[in-house]
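Engineer: The following block contains the structure, expressed as structure tokens.
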């Protein structure tokens with residue numbers, strides 16, 4: 001058993017005096033932080049057969065990372081820390097796949113945050129990008145065969161593909177009996193449109209892993225929605241579905257209200273994702289940051305954006321920025337695994 005109870009999954013919670021829906025919490029909750037530093041070590045990337053990137057770990061450090069430059073204009077950095085003071089195992093996963101679904105300028109990237117064990121997150125990490133690529137191929141073939149396609153459909157069709165991919169992935173997990181094991185997911189597709197030549201960022205998420213877009217002037221745009229039991233809208237949906245929220249947890253057990261897996265609670269913990277499409281403003285939109293709640297529970301969107309700006313002024317290096325964000329989350333008292341992926345758009 002971990003030194004600290006899983007913040008997302010608590011099997012044994014006393015609920016005799018707290019069986020009330022938590023409806024006062026809003027969508028956004030920002031905390032304070034203080035700047036600090038801690039030494040880190042880098043590690044080398046290892047390419048997998050699927051084209052995604054896994055990290056080799058320095059045996060003297062929990063912090064892992066990789067950096068890669070693509071097409072001369074797109075760079076990324078990834079870092080994670082098990083946070084062994086509080087966690088025995090790392091239940092996070094991630095993917096970064098350039099040239100996605102046969103398109104040279106398209107890139108898929110994701111962060112997955114498991115709970116209850118690694119069974120679900122390992123399968124999602126292995127399979128989700130394959131399922132999503134199949135849905136993209138099917139949708140593109142349908143559009144090619146159609147006599148005419150509305151411009152909005154040509155732009156936003158990856159959102160439909162995400163919806164179907166999440167449903168399919170959830171069904172695959174059901175066959176593996178993931179009753180009390182699940183994972184949040186924040187998934188992104190960065191693509192260049194073949195019709196107007198613009199780049200678009202499509203996102204989908206279930207749970208509380210988050211994606212933000214950082215702009216050159218320091219503004220930040222949240223691209224995802226935190227599906228938490230403490231969220232008023234989600235608490236109402238859970239209640240309408242025959243469940244309840246106790247102690248800010250669905251059925252008194254799970255902190256997130258949407259996830260892949262968790263079939264013992266699937267009637268209330270659904271996998272339907274929030275989706276969005278954002279046209280990239282070249283020269284204005286500079287970075288995308290994906291991270292699990294181990295980071296965003298202790299750092300606000302604005303604090304992350306400010307750190308990205310500061311780091312890019314000192315060292316124009318996405319890997320450096322990702323590692324700094326992970327270290328900062330640990331310094332701020334995160335008690336969870338911490339994973340962060342930083343994508344530099346230009």
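Engineer: Quick one: in segment 140-167, which of the residues that are in a loop (DSSP other than H, G, I, E, B) and surrounded by fewer than 12 Cβ atoms within 10 Å (Cβ to Cβ) is modelled with the lowest pLDDT?
Structural biologist: Within segment 140-167, the first condition is being in a loop (DSSP other than H, G, I, E, B), and the residues that meet it are 146-150.
Right, trim to surrounded by fewer than 12 Cβ atoms within 10 Å (Cβ to Cβ) and you get 146-148, 150.
Numbers: 146: 70, 147: 62, 148: 65, 150: 71.
Restricting to residues being in a loop (DSSP other than H, G, I, E, B) and surrounded by fewer than 12 Cβ atoms within 10 Å (Cβ to Cβ), the top hit is 147.
Engineer: Here is a follow-up. Among the listed residues 193, 170, 231, 226, identify the single one that is buried (at least 17 other Cβ atoms within 10 Å of the Cβ) and either under 14 Å from the mean Cα position of the chain (by Cα) or within 30 Å of residue 104 (Cβ to Cβ) (or both). Reasoning before the result, please.
Structural biologist: On the way: 193 fails: buried (at least 17 other Cβ atoms within 10 Å of the Cβ); 170 fails: either under 14 Å from the mean Cα position of the chain (by Cα) or within 30 Å of residue 104 (Cβ to Cβ) (or both); 231 fails: either under 14 Å from the mean Cα position of the chain (by Cα) or within 30 Å of residue 104 (Cβ to Cβ) (or both).
So the residue among 193, 170, 231, 226 that is buried (at least 17 other Cβ atoms within 10 Å of the Cβ) and either under 14 Å from the mean Cα position of the chain (by Cα) or within 30 Å of residue 104 (Cβ to Cβ) (or both) is 226.
Engineer: Something else about it: From the set of residues in segment 309-346 that are under 19 Å from residue 294 (Cβ atoms) and in a loop (DSSP other than H, G, I, E, B), which is nearest to the chain's Cα centre (by Cα)?
Structural biologist: 337
Engineer: How many residues, within segment 218-247, are touching a residue at least 60 places away in the same chain (Cβ under 8 Å), assigned to a loop (DSSP other than H, G, I, E, B) and either touching a helix residue (DSSP H, G or I) at 6+ places or on another chain (Cβ under 9 Å) or on the phi < 0 side of the Ramachandran plot (or both)?
Structural biologist: 8
Engineer: Just need a number here: residues in segment 104-115 that are surrounded by fewer than 24 Cβ atoms within 10 Å (Cβ to Cβ) and modelled with pLDDT of 95 or more. So that I can check it myself, show each step before the final result.
Structural biologist: First pass over segment 104-115, keeping only residues surrounded by fewer than 24 Cβ atoms within 10 Å (Cβ to Cβ): 104-107.
Of the ones still in play, those that are also modelled with pLDDT of 95 or more are 106-107.
So the count comes out to 2.
Engineer: Return a yes/no flag: does segment 252-261 have any residue that is surrounded by fewer than 24 Cβ atoms within 10 Å (Cβ to Cβ), at pLDDT 95 or above and not in a loop (DSSP other than H, G, I, E, B).
Structural biologist: Within segment 252-261, none of the residues are surrounded by fewer than 24 Cβ atoms within 10 Å (Cβ to Cβ), at pLDDT 95 or above and not in a loop (DSSP other than H, G, I, E, B).
Engineer: Also, I was wondering about something else. Among the candidates 126, 177, which residue alone is outside any strand (DSSP E or B), surrounded by fewer than 24 Cβ atoms within 10 Å (Cβ to Cβ) and at pLDDT below 95?
Structural biologist: 177
The values are calculated or read from the model by the stated rules, or taken from the named source; none is laboratory data. Small disclaimer: the values here were computed from a predicted structure and weren't measured. All Cβ positions, glycine included, derive from the backbone under ideal geometry; neighbour counts span all protein chains shown.
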